[in-house]
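Report on one structure; see the data block that follows.
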Amino acid sequence: MKFVSRARVALLLLVVASLAGAAQPAIAQASPAQPEALLRPSDLTKILPGAVFFRGQSATVQERNSGGVRFADGYYVLATMVDNSGYSSGVQDKYQAYFITEVPLEIGGHHLPPGAYGVGILKSASTPTFVAMDIGEHNLFQAAAVNDAKLHRPTPLQVLAGSEAGKYRLYLGRNYIEFQRAQ
């Protein structure tokens, strides 16, 4: 009887030791910090959800029209066009993309905390205007956007490098707003 108990204890210790040994290489192989990088649609296929919630409805995302930034510490800013055809024309005008940030941002002089938002650029005769809304369609802020007539290949949505290191541009067509991680 004592032999069976000792054998069970020895087997249990052997299993625990082998599991502990197997865990160490996994920890040692954890991915090292990656440099800050722009993300293309192909980078986001496993990250973006297929549909998002905004103003009481679910809208599918357009993965081909998406982009983002991966910061060196592993946090993300993601943007994707949405199929807003089920929304009223008033919502469609200003809700063109879903914007997700895991870090606080500065956008056009405004502070945007981490979260998920509906964004868009209103086109007017004078100047395009960027609109940021919470998921209940409450306007958070508006800021002047810039029209980039020199952009070679405009797409419905893309994220490109900004005017300085650490700044990025969210383009909706030829219009963009610049953002950066808040301090």
Non-local amide H neighbours of Gly162 (under 5 Å, H modeled in plane, Pro and chain starts lacking H): which ones?
Lys167, Tyr168, Arg169
Among Gln62, Gly109, Gly136, pick out the residue whose Cα is farthest towards the positive end of the charge dipole of the range 37-181, where Lys and Arg carry +1 and Asp and Glu carry -1 on C-beta, about the Cα centre.
Gln62
Linear extension gain, Arg153 paired with Tyr76, 0.36 nm per residue minus alpha-carbon span
25.3 nm
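Taking the Cα centre of the range 26-183 as origin and charging only Cβ (+1 Lys, Arg; -1 Asp, Glu), how large is the dipole, in debye to the nearest 20?
380 debye
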Of all GluC sites (Glu not before Pro) in the range 58-166, which ones are in loop regions per DSSP and have a Cβ with at most 16 other Cβ atoms within 10 Å?
Glu102, Glu137, Glu164
Could you sort the peptides 150-157, 80-87 by per-residue average Cβ neighbour count (10 Å cutoff), highest mean leading?
80-87, 150-157
Can you give the local net charge around Gly162? Use residues other than it whose beta-carbon is closer than 11 angstrom to its beta-carbon, Lys and Arg +1, Asp and Glu -1.
0
What aspartates and glutamates does Lys167 reach when the alpha-carbon gap must be under 13 Å and sequence neighbours fewer than 8 apart in one chain are set aside?
Glu36, Glu106, Glu178
Calculated from backbone phi, Karplus (6.51, -1.76, 1.60) coupling profile of the range 35-50 in Hz, x at Gly/Pro:
x, 4, 8, 6, 10, 9, x, 5, 6, 9, 4, 8, 9, 6, x, x
For Lys46, give me every one of the aspartates and glutamates with a C-alpha distance below 17 angstrom, ignoring sequence neighbours fewer than eight places off in its own chain.
Glu63, Glu102
Calculate the length of the line joining the C-alpha centroid of the range 43-85 to that of the range 132-162, in whole Å.
14 Å
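Net charge near Asp43: determine it from the other residues with C-beta under 11 Å of the C-beta of Asp43, scoring Lys and Arg +1 and Asp and Glu -1.
Numbers: positive: Arg40, Lys46, Arg70; negative: Glu63.
Once all neighbours under 11 Å are counted, the net charge is +2.
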Can you tally the net charge around Thr101? Count Lys and Arg as +1, Asp and Glu as -1, for every other residue whose Cβ sits under 14 Å from the Cβ of Thr101.
-2
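Read-outs: derived from the displayed coordinates by stated rules, not from any lab. All values derive from a computational prediction rather than experimental measurement. Reconstructed Cβ throughout: ideal geometry from the backbone, glycine too, with neighbour counts over all protein chains shown.
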